[in-house]
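Here's the structure we're looking at; comments come further down.
The values are calculated or read from the model by the stated rules, or taken from the named source; none is laboratory data. On a predicted model such as this, the values are computed, not experimentally measured, just so you know. So basically every Cβ, Gly included, is an ideal-geometry build from the backbone, and we count neighbours across all protein chains shown. Areas reflect the complete protein model, heavy atoms only, side chains present, ligands, DNA and RNA absent. Shrake-Rupley method; radii C 1.70, N 1.55, O 1.52, S 1.80 Å.
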Amino acid sequence: MNFNIIEKKWQKYWEDHETFKAQNGGEKPPYYVLVEFPYPSGAGLHVGHVRSYTAQDAIARMKRMQGYNVLFPMGWDAFGAPAEEYAIKNHIHPKEAVTKNISTFKKQMQTLGFSFDWSREFSTTDPEYYKWTQWQFLQFYKHGMAYKATIPVNWCPRCKSVLSNEDAAGGVCERCGIQVVQKEKSQWMLKMASYAEDLLEGLHDTNFAEKVKLGQINWIGKSKGVELDVDIVGGGKFSVFTTCIETIYGITFFVIAPDGKLIKELLPRVENKEEALQYIEETKKKSNMDRTELNKGKTGCLLKGIEAIHPITKKHVPVFLGDFVLGDYGTGAVMAVPSHDERDFEYAKEHHIEMIQVIDGKDTKDHAYEKQDYLGVGAKLINSQEFTGLTVEEAKEKITKKLVDMGIAREVNNYKMRDWIFSRQRFWGEPIPMIYCEKCGWVPMDEKDLPLLLPDVAEYEPTDDGESPLAKIKDWVNTTCPHCGGKARRETDTMPNWAGSSWYFLRFMDPHNQEEFASMDAMKYWGKVDWYNGGMEHTARHLLYARFWVQFLYNIGLVPHKEMIWTRVSHGMVLGSNNEKMSKSKGNVINPDDVVNEFSADILRVYEMFMGDYEQDAPWNTDSLKGCKRFIDKIIRLKEKVVEGSTYSHDLETIIHKTIKKVEQDTLNLGFNTAISSLMILANTYEEKETITKEDYHVLLTLLNPYAPHITEELNEQIGYSPICESSWPKYDEEKTIDQEITIGVQVNGKLRGEIVTSKDEEKDSILEKALNNEKVKQFLEGKEIVKTIVIPNRIVNIVIK
RNA sequence: GCCCAUGUGGCGGAAUAGGUAGACGCACAGGACUUAAAAUCCUGCGGGCUUAAUCACCCAUGCCGGUUCAAGUCCGGCCGUGGGCACCA
């Protein structure tokens, strides 16, 4: 049997018959299966792609047979630095590289038989697509959600570009892995931080996997606390944010961020201005990474002439600069309680500041007694005036109330998540459709002039001065102001590659719409994405950006739901056979094309589904792949046993109904490996028989079809059935999934001593009688007193003796 | 340090609500078929102890405890591995 020819044959059949084309509308209920569209790299499709695409393909194929109108689209996320770097290295235009890569990817996907609706294909780099990305940016701008700000940003010296906080997690460039540095630049920003609470709340309206939800919750990083005003001796005041207001009596100093706004205001009053300025300069030089890595001691600088007044005791306490306080979190200033915060403790030691323990229960000579240790254990306050003796929980509440009543504090929430830095100094991205006019300032382009096309140029290398390569293209940059008609310049930064992927799933619902990014009708028809599969690494980035983007569109009335993604799941990686991540340098890369050539697409698909728990990483194992070939060969051989018959063989009925149920449920619960295993069991059962009916064979082929679509269609055709892709999914009868005879274990004092055969739902008394009469069990009961018997029909018998 | 995940044979991994641990597959060993190989088929395959071989028994889901008639599964405490975050007040 030539797998190659068969696979081509059926791929052509599907194409000719437009089998997988989804219609917007109709009788059938809609079902949207989505898998992250890939970045079409030069390396081609990875076996890891095959794993998740096959999984979603199996769901899509099964759902179609179950009578759903399934949307299973595919496209290309093709903007971004890798394409640009590839292009620079090979001296071709990124557009050409992308076109070539897309065609390779598409061919590979088609070879594997994924049931994508190719009529909806697009790339984020298509002007007809990025026109709408730009249009949506203008909506952000027009609703006050996009602004330009000069801020210290993460700058990657190698990529020569600004990175978002999400892209620079851990202080290193996400792509090239080198340390990022801080640089002041004027950037477009999207006000994502203002959506922090909505993004948290919205998670309740999703069915994301728990770990995905947690990933987002952690990234958003909400803390509840109190913002407290602190007066300065001689007038003026500042605020601090704290989550531990119960320690207020332990304040012995305050620390403010050297990179924050506050110090700029206070500086004129600082007596040791020179020293302070020097410290600020030093801080600026350190990147975020250094600041955390140094971690050696707590550097800082006392601000002479600035003394704070303790809000309750009215004592005067010193104020310091310290780089462990971040300028862009909270208020950029903290109240320091060295007895109850390790950082404050270290700082106090370093700078010889007094400490006051205010929570009893642990010695604070060597270390602070921190909140994670004193909360929830009934710890009580000391040295805290009228609050002494209260538990920390009571004190938290009462102190807050007192301060709020005094009018010097507010309960607030703070979030780690910041606004989205939306500018990149790169060529290969969506141009930001903004124009700068000396007279009018930043002016948005007229919507009817979109798309703002990327110019065709010869030079797209990034520049050392931190400007986008677009800045060099004078006739593109120079334009007229849409407002006053005067001379103006275009924004030369481009969007991050997360922009295009933030709304592509909406476009798939209505991909050829010329008037809108997608019609409200189409989006209402399809509703939320039913299944969205993607990598865990996108949890804090793509998925968060996409949700933010959708929530914004919802708030301005352009999408029907605040959350457009219902279930989000993620797959484990396919590792090399040495259990390490596949990489060229390790020489453990498996190319799916080779596997298809040597085995077949179906075998590769079945293997990747069978290789292990879908959500866990799994190493590649060629031997195991051969086992899957044996399974497919067995399926083929079974055809020789087929005889006429339009019903299931009587003795196979139970196992067939059981298998239908199992495959159906497992396929929808990410249990792909156990679905395949139950099909193996069914095939093994068939093999033991002399003959099987056509119907027996047909049902096996149908159940296997979502996983191995080509060979099953071929065999099914050979026994004279019409194509599986046009048939319906078999139904199981719950009654028939249950064995009439069940063998159960008999335990004596919890240890298995024998087995008995019972009929389904047999009476307890009758089961017990059988158990007591079991020869082996009898031996253990001899001369003993039966204290208790437990009989669970269909499951177990346990006899307790003394 | 904090958060998450995870720990079951030689290996990948099974085990709805606690109910016969090791499904299914791989590898390995022995055998059949073959001139031979491949393919296929049959048998065995956690450890220990016994035995001529069986039968039987004992131990076993990272470690230590607990709850229960019964624990891979529930609870408490440790240890290991992988990942994420990390001076976030």
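For A:LYS778, a cut-off of 16 angstrom between C-alpha atoms picks up these lysines, skipping any fewer than 8 places away in its own chain: A:LYS751, A:LYS770, A:LYS788, A:LYS802. When the helices of chain A are scored as -39500 (n - 2.57) per DSSP H run of n ≥ 4 and the total is divided over every residue, the value at 222 nm lands at -10500 deg cm²/dmol.
Order these peptides, A:70-81, A:558-569, by their mean beta-carbon neighbour count within 10 angstrom, highest first.
Details: A:70-81: 24.6, A:558-569: 19.8.
Taking the mean over residues of other Cβ atoms within 10 Å, the ranking is A:70-81, A:558-569.
With Cα atoms as the point set, the radius of gyration and Dmax of the range A:1-73 evaluate to 14.4, 42 Å. Rg over Rh for the range A:610-753 works out to 1.02, both radii taken from alpha-carbon positions and Rh defined as the Kirkwood radius.
What translational D, rounded to a whole number of µm²/s, comes out for the range A:276-404 from Stokes-Einstein when the hydrodynamic radius is the Kirkwood one over Cα pairs, at 37 °C and 0.692 mPa s?
Estimated via Stokes-Einstein, D reaches 201 µm²/s.
Compared with the dominant Cα axis of chain A, that is its longest principal axis, helix A:601-610 is turned about 70°.
With only the Cα atoms considered, chain A has a convex hull volume of 235 Å³ per residue. Extension gain for the segment A:GLU785 to A:ASP205, taken as residue separation times 0.36 nm less the Cα-Cα distance, is 203.0 nm to one decimal. Peptide packing for A:320-326, A:48-54, A:688-694 was compared via the average number of neighbouring C-beta atoms within 10 Å per residue; ordered from the highest value, the list is A:48-54, A:320-326, A:688-694. The peptide list A:581-593, A:55-67, put in order of mean Cβ contacts within 10 Å with the highest first, becomes A:55-67, A:581-593. Note on A:SER186 and A:GLU763: the model spin-label points, each 7 Å out from Cα along the C-beta direction, lie 9.1 nm apart. Entry note, the range A:681-761: relative contact order of 18 percent, from Cα contacts under 8 Å with a spacing of 6+ residues. Spin-label model, A:LYS222 to A:LYS401: label points 7 Å out along the Cα-to-beta-carbon direction sit 2.4 nm apart. Per residue, chain A exposes 44 Å² of solvent-accessible protein surface, assessed with a 1.4 angstrom probe and all protein chains in place. Farthest towards the positive end of the charge dipole of chain A, among the residues A:VAL550, A:MET611, A:ASN749, is the Cα of A:VAL550, using unit charges on the Cβ of Lys, Arg, Asp and Glu.
With a Förster radius of 56 Å, plug the Cβ-Cβ distance of A:ASN513 and A:ASN794 into 1/(1 + (r/R0)^6) and report the FRET value to the nearest 0.05.
Details: r = 56 Å, r/R0 = 1.00.
In this case the efficiency is close to 0.50.
May I ask for the net charge around A:LYS95, where only other residues with Cβ less than 11 Å from the Cβ of A:LYS95 are counted and Lys, Arg are +1 while Asp, Glu are -1? The partial results should precede the final answer.
On the way: positive: A:LYS100; negative: A:GLU84, A:GLU96, A:ASP126, A:ASP456.
Taking every other residue near A:LYS95 into account, the sum is -3.
Quick one: net charge of A:ILE711's neighbours, Cβ under 9 Å, K/R +1, D/E -1?
-4
Once you have a ≥ b ≥ c as the square roots of the Cα gyration tensor eigenvalues for the range A:173-280, tell me rounded if a/c is under 1.5, and otherwise prolate or oblate according to whether a/b is larger than b/c. It comes out oblate by the Cα gyration axes.
For each pair in A:LYS211/A:LYS524; A:LYS131/A:LYS448; A:LYS213/A:LYS396; A:LYS658/A:LYS760; A:LYS148/A:LYS185; A:LYS8/A:LYS28, compute the distance between the two Cα atoms and list the pairs where it is over 18 Å. Going by Cα-Cα distance, A:LYS211/A:LYS524; A:LYS213/A:LYS396; A:LYS8/A:LYS28 fall outside the 18 Å limit.
Counting only DSSP beta bridges with both residues in chain A, what percent are antiparallel, rounded to the nearest 5?
Values: 69 of 91 bridges.
Bridges in chain A that DSSP calls antiparallel: roughly 75 percent.
Note on A:HIS143 and A:GLU735: the model spin-label points, each 7 Å out from Cα along the C-beta direction, lie 5.5 nm apart.
As a length-normalised measure over Cα pairs under 8 Å and 6 or more apart, the relative contact order of chain A settles at 14 percent.
For a straight C-alpha distance cut-off of 12 angstrom, the aspartates and glutamates reachable from A:LYS416 (same-chain residues fewer than eight places away being disregarded) are A:GLU166, A:GLU197, A:ASP328. For the range A:310-363, the calculated P(r) over all alpha carbon pairs, in 5 Å bins from 0 to the bin holding the longest distance, is 4, 16, 27, 25, 19, 8, 1 percent.
When the chain is fully extended, how far beyond the present Cα-Cα distance does A:ASN773 get from A:LYS261, taking 0.36 nm per residue of separation? List each step's numbers first, then the result.
On the way: separation 512, 0.36 × 512 = 184.32 nm, distance 8.58 nm.
Roughly 175.7 nm would be gained on extension.
Seen from A:TRP442, the other residues with C-beta closer than 9 Å to its C-beta sum to a net charge of 0, counting Lys and Arg as +1 and Asp and Glu as -1. Pairs from the table (A:LYS315/A:LYS398; A:LYS273/A:LYS349; A:LYS285/A:LYS586; A:LYS285/A:LYS349) lying more than 31 angstrom apart at Cα are A:LYS285/A:LYS586. Once the Cβ-Cβ distance of A:SER728 and A:LYS416 is raised to the sixth power relative to R0 = 51 Å, the FRET efficiency obtained is 0.55. Under conditions of 10 °C and 1.306 mPa s, the range A:642-683 yields 144 µm² s⁻¹ as its translational diffusion coefficient, taking Rh as the Kirkwood radius over Cα pairs in the Stokes-Einstein equation. With a Förster radius of 60 Å applied to the C-beta separation of A:LEU453 and A:HIS17, the computed FRET efficiency comes to 0.95. Using the empirical formula 2.2 N^0.38 Å as the baseline, the Cα radius of gyration of the range A:121-182 reaches a ratio of 1.43. Potential lengthening of the chain between A:ASP229 and A:LYS472 amounts to 82.5 nm, from the contour at 0.36 nm per residue minus the alpha-carbon distance.
Please report the carbon-and-sulfur percent of the accessible area for the range A:695-747; probe 1.4 Å, protein heavy atoms only, DNA, RNA and ligands left out. Don't jump to the answer; show the numbers that get you there.
Values: 820 of 1930 Å².
So the carbon and sulfur contribution to the accessible surface is 43 percent.
Each principal axis of the Cα cloud of the range A:481-603 was evaluated for its coordinate range; sorted largest first, these ranges are 63, 41, 28 Å.
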